[in-house]
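All of the numbers you see were taken from the coordinates with simple rules; none came from a lab. This one's a predicted model, so the numbers in the text were calculated from it and none came from an experiment. Quick reminder, even Gly has a Cβ in these numbers, built from the backbone with ideal geometry, and neighbours come from all protein chains shown.
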Amino acid sequence: MIAFILITTKTGKENEVAKNLKKIPEVKEVYTLYGNYDVIAKVEVENLQRLNELGNEILKENKGILYTETLICAR
């Protein structure tokens with residue numbers, strides 16, 4: 001399963017969050033952005049349960065994150 005996680009960070013924390021995300025094996029790509037979101041991460045997981053667990057891990061490990069939005073790919 002592939003999903004994209006859109007992340008809004010506290011001011012100035014986008015590079016730190018992106019660096020931390022790159023350490024997670026399921027995170028395949030990470031980019032900082034201009035616009036409504038600060039970081040986007042492409043993740044590959046086995047199932048929805050693991051995606052939920054991963055989302056919780058990301059929030060716990062990155063205190064600079066304000067909120068996230070997850071987009072699950074249909075194909």
(Q) For a quick check of your reading of the filter: which trypsin sites (Lys or Arg not before Pro) in the range 17-57 sit in a DSSP loop and have no more than 10 other Cβ atoms within 10 Å? (A) Lys23
Q) Put +1 on the Cβ of each Lys and Arg and -1 on the Cβ of each Asp and Glu in the chain; which of Asn56, Thr8, Cys73 then has its Cα farthest toward the positive end of the dipole? A) Thr8
Q. Any idea what the dipole of the chain comes to, in debye rounded to 20, about its Cα centre with Lys/Arg Cβ at +1 and Asp/Glu Cβ at -1?
A. 140 debye
**Q.** Computed [θ] at 222 nm, deg cm²/dmol, the chain (DSSP H ≥ 4; -39,500 (n - 2.57); rounded to nearest 500)
**A.** -9000 deg cm²/dmol
**Q.** In the range 1-73, chymotrypsin sites (Phe, Trp or Tyr not before Pro) in a DSSP loop with at most 15 other beta-carbon atoms within 10 Å
**A.** Tyr34
(Q) Just to be sure I understand the model, the point goes 7 Å from the Cα along the line to the Cβ. What's the resulting Thr32 to Leu48 distance in nm? (A) 3.5 nm
(Q) I'm checking a number: the convex hull volume of the Cα atoms of the chain, normalised per residue, in Å³. What is it? (A) 81 Å³
Q: Report, in degrees rounded to the nearest 10, the 0 to 90 angle that the Cα long axis of helix 48-61 makes with the longest principal axis of the chain.
A: 20 degrees
